[in-house]
1. Charges only on Cβ, +1 for Lys and Arg, -1 for Asp and Glu: so what's the dipole of segment A:1-156 about the Cα centre, in debye to the nearest 20?
2. Rounded, prolate or oblate: pick one for segment A:1-65, where a ≥ b ≥ c are the square roots of the eigenvalues of its C-alpha gyration tensor, a/c under 1.5 means rounded, and failing that, prolate if a/b is larger than b/c, else oblate.
3. Debye sum, Cα scatterers, segment A:194-247, no solvent: what log₁₀ I/I(0) at q = 0.16, 0.23 1/Å?
4. Classify segment A:247-323 as rounded, prolate or oblate, taking a ≥ b ≥ c as the square roots of the eigenvalues of its Cα gyration tensor: rounded when a/c is under 1.5, otherwise prolate if a/b is larger than b/c and oblate if not.
5. Quick check on the protein assembly as shown: of the DSSP beta bridges with both residues there, what percent are antiparallel, nearest 5%?
6. How far apart, in nanometres, would the label points at B:THR56 and B:ARG125 be if each is projected 7 angstrom from Cα along the Cα-to-Cβ direction?
7. Can you give the mean number of other chain Cβ atoms that lie within 10 Å of the Cβ atoms in peptide B:25-37?
8. So if I take the centroid of the Cα atoms in segment A:221-246 and the same for segment B:151-173, what is the distance between those two points in Å?
Amino acid sequence: MEKELRLMKGNEAIAEAAIRAGVDAYFGYPITPQSEILEYLMEANPYEKTGMVVLQAESEPAAINMVYGGAACGKKVMTTSSSPGISLMQEGISYIAGAELPCLIVNVVRGGPGLGTIQPSQSDYFQACKGGGHGDYHLLVLAPASVQEMADFVELAFDLAFKYRNPVMILSDGAIGQMMEKVYLKPYREREKTLPEWATTGKPPTRERNIITSLNLDPYLHEKHNQKIQAKYREMEKNEVRFEEFQTEDAEYLFVAYGTSARVCQKAVQLARTEGIKAGLIRPITLYPFPSVRINELAGKMKHIISVEMSAGQMVEDVRLAVNGQTEVTHFGRMGGVIPTPEEVLEDLKSKI
Amino acid sequence: MTEEILIAGFGGQGILSMGKILAYSAMMQDFEVSWMPSYGPEMRGGTANVTVIISTERISSPILRQFDTAIILNQQSLDKFEKSVKSGGMLIYDGNGITRHPERKDIEIYRIDAAEEAARMKSPRTFNMIVLGGYLKIKPLIKIENVIEGLRKSLPERYHKMIPDNEKALIRGMEIIRKLNN
């Protein structure tokens, strides 16, 4: 079947891609700038077409715990929210990670802290990549930079979530959520009929009970459990690092940026090149696992590296760890919902030359 | 080829839908497109603006400070964005309600009295299509039939009966746009 071409908002693309990817259930609560996801799903009424359940929960904690329940049954389940709502979900996310369950959580980030602003931001990087909830855990974090990737990453997220039995987050922002671009949609896929063997679907006499829990009172057993999930993260770090490079071959100055900032930096690279400055860009697509190895390789040839983020500087810490002192690393960003312009980024680069 | 366009005016003038129709019709001609609106409190009663980029290449930043073309539909937007047109670029504005007219000498300035014309045509809701027609007269990137197709795709079906009026408005816009400087 041919792929279908549409002009869509990033939020709408996520919703449509979820239906097409054969997602079993969506639980969510509205919040700007991602309410179009729930609105689109409600209007599309996918239950009629694929049997996908769409439910507006009474709150974000309710939504994430519905996800916990659905995931424990081996179903493909997801939720979406924006920064303050994602903060409310952190307890549930930690439980899901502890119980080793696959699911998709989408954060269409807005500026914080607190209720902050409804404008786009990237100030939830720490929360997404370094925990957020309590305990030693990681989400696998995907950072789309286009409406096409908003659609494509839904299916990818579920593939990865089930491969590792780990929650996956799509870390987007208000700009990509609200922006329209053209998007090629994949054909509809049937919902999965066979459930994974660990799913709690009722105990037949032929096997032991399946237990899904994040509670483990014996410290030695719980240490073993922690070692097991840590080993999983090492596997992800080995196998799942994704990134994209733009004009790095001969670059002397490197931008590191993801999502909306990466788009801005791509333009800044083009502007710099017209002025004879050899700039390049590496765009992490997975924020966890982070493309540290590649950044470390590139760092040796660079006179300066700038981490460009719509935050006070969060990813820059991972960039510095990756660069490991080979060259100078600085941060450039705007905060509180302001998107830097390519010209501003270029000016910052020029100040380093 | 890349054309970076800003459309700005009051919320309710059809700014966002004009941008959407432009993006949609460009997509029909196999261009890469992006449509980035201002959203949130700015839209409620105040000014609204949208950035549309049409390109033969992959689009980098959907957020810009400088534009090839600015289509300006009220005084606040003119005051704010006149300086955002690239040198050698183009500014189109509706003279309705404008007291301070554009002053730059390094850009091409066009005037289109679309609000007045829409009132005369007794079709105020096609105001934005008059403007779009004017723009496409100067920059014929997109064929009118693709704009009509774009309208068909982006308008809910209950409004399809208005498409002939919109087509008339597009053509009228092409006739009434005029250049103010050299």
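A short reminder: the numbers here are calculations on the coordinates, not readings from a lab. Computed from a predicted structure; not experimentally measured. Reconstructed Cβ throughout: ideal geometry from the backbone, glycine too, with neighbour counts over all protein chains shown.
1. The dipole of segment A:1-156 has a size of about 120 debye.
2. Here segment A:1-65 falls in the oblate category.
3. Taken in order of the listed q values, log10 I(q)/I(0) reads -0.77, -1.00.
4. Oblate, because a/c is 1.5 or more while a/b does not exceed b/c.
5. Values: 32 of 79 bridges.
Roughly 40 percent of the DSSP beta bridges within the protein assembly as shown come out antiparallel.
6. Each label point lies 7 Å from its Cα, and together they span 3.8 nm.
7. 4
8. Comparing the Cα centres of segment A:221-246 and segment B:151-173, I get a distance of 54 Å.
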